[in-house]
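Report on the structure given below.
Every read-out reported here was derived from the displayed coordinates using simple, explicitly stated rules and does not represent laboratory data. Bear in mind that the values here come from a model prediction, so they are computed numbers and not experimental data. Don't worry about glycine lacking a Cβ; one is built from the backbone with ideal geometry, like all the others, and counts go over all protein chains shown.
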Amino acid sequence: MCRSGRGSNEPEVTGRAGSARMGARPSHLLLAALLATGCAAQPSSATAPAAANAEETATAVDLIIAGDHVVTMDGDRPVLADGAVAIDDGRIVAVGPRAEIAQRYHAAETLDGRNRVVMPGLINGHAHSAMTLMRGLADDLELMEWLQKYIFPTEVRFVDAEFTRIGTELACWEMIRGGTTTFVDMYYYPDAVAQAVERCGLRALVAPTVIDQKSPDAADGADSLRVAAEFAARWKGRNNRIIPVIGPHSVYTLKPPQLQAARAKARELGVPVSIHLAESRFEIDYAKQHHSTTPIDLLENLGFFDGPTIGAHVIYPTDAEIPVLARRKVGAIHCPTSNMKISSGVAPIAKMLKAGVPVGLGTDGAATNNDLDLWEEMRLAAFLQKVSTMDPTVIPAKTALRMATAGGAEAIGLGDQIGSLTPGRRADVIQVSLDDLHFTPLYDLISHLVYVADEQDVISVVVDGKVLMRDRKVLTVDVERVRSEAAAIAAKIRASVGQPAGAMP
Ligand SMILES: [Zn+2]
């Protein structure tokens, strides 16, 4: 009998598929995985053995996720009809035709695939999750007014570990419900964020905010870097779903030596940095006034890009700076909703993609969005480029989908781990239901996923091989508890800003 080593750290896949675990991309999906297993002597489905016999010889896996369509986002075989993904011990072990997967693998649990699309989970490259508790608090304002009059004062007064825990849990529920499986967070009280992520089952890069002002969890720049470094040291290697990051806020909230110190600490700890980068006219003017240059040029001259960097927004790179971002492999996280809502500008996404900059998508915080819906970001990323360039051919649907999946994974430094349905990668997989009538008729699946689908169409979510949502029910967040905890905090904030009760339920 050929059974996988359940409970071991690696799935029983060897040869080419096994090599994918080490970072090489297999040129075939299913066949490489099947032929390379020790169980490859099975005949094709045309000569399938009797069911009992098949079960006896099938490899045991944790989970099979089936779908009428499997959107792999893998360059070699992008969409399979009537397919399935076999998952064991947190990793994808095979992707291929449903009948063959059913014959080769015997799963403890199966997610049925009728009228379902199976695809990689979405990747939110920039969020401030706990700001869900401030959504709708102050809308329709310009960035600096919004930050300095409303957000920073509210944060200093109300944000503590408990606030962060509740806001992050609320965000985790929303992201799971909408099919986001990985997010990059930048906020305060990073242990509270990481613990919430640990419990809810998502994958996250957690960046404590390093900022040179009094913040909810630090007195100044040096203190916030200390908080960040201690967090990163505590969480590095502790949970494979949680990657600590150092989060220097921006060039206008940190001085050059502080920016260099943040990078040096990240390098010492072997973690990436995440920074707001060339986000607004204010930031451009600030850099010109204080440093006689641009934010990107300043950081390049400081050696800040010497190491993995996730840049949020990246709205104002000059034409000369775009190749610098590409050469330095700085991930540019496009946040179209936030950029539109606070009139920050239009990031030159089409130009950056053409130049080879890794571009992903982000929601930013829920106070400038006001939700965490990556489907909306995909759609708006495409529309915003089309209207700003007056060219409907830029950012076609497949490019938008790539930015939310495989491209987003590259932009956050996990391009060999997640973002596509490829044997050897971590099993972050979602199912989208095509039951809703708004998908009818179905001419072009990718078009529908980008231009029609929304959060409510996601029906199952799997992260690292664990089912976090089944039949639209989020299994890992207690909705009623989070609802009442969030309402209690909102009541305090409402009282402090003088809003009448009922204006902010
Ligand atoms: Zn941000």
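Things worth noting here:
- C-alpha long axis of helix 161-177 to longest principal axis of the chain, angle in °: 40
- Pairs exceeding 26 Å between alpha-carbon atoms, taken from 214/255; 351/398; 255/386: 255/386.
- Anisotropy class of region 437-482 from Cα gyration tensor, a/c 1.5 cut: prolate
- Placing unit charges on the Cβ atoms of the charged side chains and taking the dipole of the chain about its Cα centre, the candidate lying farthest along the positive direction among 460, 324, 87 is 324.
- 5 angstrom amide H check on residue 210, placed H, neighbours 5+ away: 247, 249
- Relative to the Cα centre, the charge distribution of the chain, modelled as +1 at Lys and Arg Cβ and -1 at Asp and Glu Cβ, gives a dipole magnitude of about 760 debye.
- Farthest positive-ward along region 71-137 dipole, Cα basis, beta-carbon charges - from 132, 96, 78: 132
- At full extension, residue 320 and residue 302 could sit 4.7 nm farther apart than now, given 0.36 nm per residue minus the alpha carbon distance.
- Largest first and in whole Å, the equivalent-ellipsoid semi-axes of the chain read 39, 24, 22, each the square root of five times a Cα gyration tensor eigenvalue.
- For residue 139, net neighbour charge (Lys/Arg +1, Asp/Glu -1) across residues whose Cβ lies under 14 Å away: -2
- Taking 0.36 nm per residue of separation and subtracting the Cα-Cα distance, full extension of the segment from residue 99 to residue 145 would add 10.8 nm.
- Short-range pairs are left out: with C-alpha atoms under 8 Å and at least six residues apart, the relative contact order of region 248-291 is 50 percent.
- Assuming charge only on the beta carbon of Lys and Arg (+1) and of Asp and Glu (-1), the dipole of region 54-159 about its Cα centre is about 220 debye to the nearest 20.
- Net length available on complete extension from residue 239 to residue 160 is 26.1 nm, with 0.36 nm assigned per residue and the Cα-Cα distance removed.
- Global form of region 133-178, assessed from the alpha-carbon gyration tensor, a/c cut-off 1.5: oblate
- Simple spin-label estimate for residue 492 and residue 230 gives 2.2 nm between the two label positions (7 Å along the Cα-to-Cβ direction from each Cα).
- P(r) tail, region 413-505: Cα-Cα pairs separated by more than 19 Å, 64% of all pairs.
- Top positive-direction residue, dipole computed over the chain with Cβ charges, set 232, 451, 65: 232
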